[in-house]
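Below is one structure; the comments refer to it alone.
The values are calculated or read from the model by the stated rules, or taken from the named source; none is laboratory data. Quantities reported herein were computed from a predicted structural model and do not represent experimental measurements. No Cβ is skipped: glycine too gets one built from the backbone with ideal geometry, and neighbour counts run over all protein chains shown.
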Ligand code: FES
């Protein structure tokens, strides 16, 4: 059955791709002047995407609306519906921050997800307006219609949640790219991809290096060589193509996440995850070796 849903979602690319590109442009322009706000909404301070925390609230509350309607508790159901709409809005704001830094298939699926959620929100608002305007009796025809409208909205909400889940679990959006990486601390031979005229690692800019099966981004500062994993924790951007910022920080070329070279700690999103960092030392033979720093 999931293959049918996958094909159905993938089939929306014709409209989702241009709409996603359009949304990406205005969301990017919106968040660029207020990056600390985007960081807050991404959840960097929490070390976890904030959107996935908040989305549990509307789904639970809006399911409760159906239960309260079935039990004939109109006032409680209407209050729950109002609160559910507020939590949907809060979830939408955090989701927009994550959405502004998606690419390719993740952006397309996130567009389908957000479109379904906006439709669900509008249908819920319509139900709330009908409830406010209608009577309160269980048999009131206006209220019965409003209840059915909110049940339809819940169906759209669940469809949107399914697509949102696929964006995370199938495409790995906002998941740490290093989730399955081992944390062994054995010294391993390090091979820089390029050397300067003196046979040293070039200074003042990131250089790619090979460390066993891993690629690392190396930065030499005098005699000290700092290293973090080359693949950005956010979406895999190459940090060796990134930019050095002040205070020993490297910026990813794809969406601008910043990591401290000394320990890999994320200092600016959209990544909410730290980057594996490595100690580097000279070998007696004149080469280099490195090992993973403990987290
Ligand atoms: S890949 Fe997105 S910030 Fe690095």
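Against the criterion of being surrounded by 20 or more Cβ atoms within 10 Å (Cβ to Cβ) and either more than 16 Å from the ligand (Cβ to nearest atom) or at pLDDT below 95 (or both), residue 245 does not qualify.
Taking only region 57-75 into account, find how many residues are more than 30 Å from residue 172 (Cβ to Cβ) and part of a helix (DSSP H, G or I). Qualifying residue count for the region: 9. Total residues in region 17-56 satisfying the condition of being assigned to a loop (DSSP other than H, G, I, E, B), surrounded by fewer than 21 Cβ atoms within 10 Å (Cβ to Cβ) and touching a strand residue (DSSP E or B) at 6+ places or on another chain (Cβ under 9 Å): the figure is 1. Taking the numbered list (1) within 13 Å of the ligand (Cβ to nearest atom); (2) within 23 Å of residue 187 (Cβ to Cβ); (3) out of contact with any strand residue (DSSP E or B) (no Cβ under 7 Å at 6 or more places or on another chain) in turn, residue 254 passes all entries but (2). The listed residues are 235, 215, and the only one of them that is within 16 Å of the ligand (Cβ to nearest atom), touching a helix residue (DSSP H, G or I) at 6+ places or on another chain (Cβ under 9 Å) and in a strand (DSSP E or B) turns out to be 215. Condition first: in contact with a strand residue (DSSP E or B) (Cβ under 9 Å, 6 or more places away or on another chain) and either assigned by TED's automatic domain parsing to the domain that holds residue 282 or not in a helix (DSSP H, G or I) (or both). Can you find one or more residues in region 164-171 that meet it? No, because not a single residue in region 164-171 is in contact with a strand residue (DSSP E or B) (Cβ under 9 Å, 6 or more places away or on another chain) and either assigned by TED's automatic domain parsing to the domain that holds residue 282 or not in a helix (DSSP H, G or I) (or both). Kindly establish whether residue 227 is modelled with pLDDT of 95 or more and either in contact with a helix residue (DSSP H, G or I) (Cβ under 6 Å, 6 or more places away or on another chain) or within 15 Å of the ligand (Cβ to nearest atom) (or both). It is false that residue 227 is modelled with pLDDT of 95 or more and either in contact with a helix residue (DSSP H, G or I) (Cβ under 6 Å, 6 or more places away or on another chain) or within 15 Å of the ligand (Cβ to nearest atom) (or both).
Taking region 19-66 as the range and being over 21 Å from residue 271 (Cα atoms) and within 17 Å of the chain's Cα centre (by Cα) as the test, only 56 passes. If you go through region 116-132 and pick out every residue that is modelled with pLDDT under 95 and under 26 Å from the mean Cα position of the chain (by Cα), you end up with 0. Of all the residues in region 257-268, those that are more than 8 Å from the ligand (Cβ to nearest atom) and not in a strand (DSSP E or B) number 5.
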